[in-house]
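Working notes, structure below.
Nothing in this text is a laboratory measurement; each read-out follows from the coordinates by a stated rule. Model, not experiment: these values are computed from the prediction. All Cβ positions, even for glycine, are placed from backbone atoms using ideal geometry, and neighbour counts span all protein chains on display.
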Amino acid sequence: MNLRRFSLPIFYAFFLFLPMIAGSFAAGFWARDRQDTVSRDNIELVRQSAQQIKSRYVGEVDEAELFEGAIDGMVSTLDPYCEYFTREEWAEFNSVQLEGKFGGVGILVELDRDTGYLRVITPIEETPAFAADVLPGDRITAVEGNSVKGKSLQSIVNGIRGEPGSKVRLTLWREGRDLFEVTLTRAVIRIQSVRHKMLDDDIGYIRISDFTRMMDAFDEAVEALREKKIKGLVIDLRFNGGGLLDECVKLSDRFLPKGDLIVSTRGRTRRDNREIDADKGDDLPSWPLVVLVNEGSASASEIFAGAMKDHKRGVLVGGKTFGKGSVHTPLPMRDKSYLKLTTARYYTPSGYSVAKIKGKRDYGLVPDYLVEMTAEENAGLIKFWNLERVRKQDPSKKVENDFRDIQLEAGIEVIKASLEGRDPKVETREIGKEKKADE
């Protein structure tokens, strides 16, 4: 089962969670086995409309484009993760994934259908977007000066990706700021998913930026920290937009007893209803565990964090997570085009759906200790991580930074309190309420 955004150039939000490979494409044929439930009157209405357009519209009409537009229109009434690919678009899409010919900027995005803009879920670490301080929640309003309104996600992404080394100009909107532009140099995206270090008070720290083939690196990081006899562990999933479900399940397995539910999925067919349990059982010491999350933590990050929270194995600290909790399946059509549809939603062990659905007020995971940071502070965190990497690559280089990571500080306090047998001294911080108080 794969939560991966199928892209090297730019990380899409629309393939975050696929069924097991053995069943993903087979699931595309389920529609043929089901009784036709589409009204013949509605089909006839579409046919009549097409006929009227072809016979009366003053300009030239391409029938294939006409019906592609009709399908696009139907899909646009669904959630923002659903999309229609023509045969050519699907072939191009898969060619890019398999061959990695194009460069990108390293952002996980979704189409905000209310505004027509692209919403940034999170930038990916060690990418052009991350270095340029692109933040979760930013809206991409234009590419090379051309508005993205009215365009499909695929066509917008095609405009952002390109040859590595070439540049692309994005116009961004951010709450509290006027429109601004960033010019990014495209690159082939390569991700170092795991970093670790020792903190004070014998506390280990592991940051996971992406759930992509990261378990070997995680196990190595744990072993290095165990040798230093850590007494508690912080796992940092801030700005982690997801990745492979298999890796997320393996990570959960390290902390949960065999048989504990990690995640379940629910859809309209039996094959969409599944439960995934811990298999091997926890094989790590019962260290106090804190999981740091924020609005850039999505999908696989939310699965792991939700499992730790519901089973009371770990304590969540930071900001409310993004709310990406849906299963997407590519469904092949007769002409080799594809419909990519949301076919199920995933649920934490307690039965809670993190999915952000229109009209639903409760989405994402609310941490046990809510310590939100402003956009400026998030930008400072990203800059701090970039400077840390510079320092590691060249220890002789002097790098000054006085950034204070209040979420990490809160996480450390939670672990210290657990070790000392007392209640943590962590103050709730809600940015929205602070703004209202200032007003």
Exercise for the section: Name the residues whose placed amide hydrogens come within less than 5 Å of the amide hydrogen of Ser326, ignoring near sequence neighbours (fewer than 5 apart) on the same chain. Expected result: Tyr346
Practice task
Given a cut-off of 20 Å, name the pairs among Lys167/Lys383; Lys197/Lys229; Lys197/Lys383 whose C-alpha atoms lie farther apart than that in the structure shown.
Solution key: Lys167/Lys383
Exercise for the section: Find out how many positive minus negative residues lie around Arg177, taking Lys and Arg as positive, Asp and Glu as negative, among other residues whose Cβ is under 13 Å from that of Arg177. Expected result: -4
Exercise for the section: Any chance you could check the Cα centroid distance between region 40-93 and region 172-200 for me, in angstrom? Expected result: 37 Å
Practice task
Find out how many positive minus negative residues lie around Thr115, taking Lys and Arg as positive, Asp and Glu as negative, among other residues whose Cβ is under 14 Å from that of Thr115.
Solution key: +2
Practice task
Within region 41-90, list the GluC sites (Glu not before Pro) lying in a DSSP loop whose Cβ has at most 10 other Cβ atoms in a 10 Å radius.
Solution key: Glu60
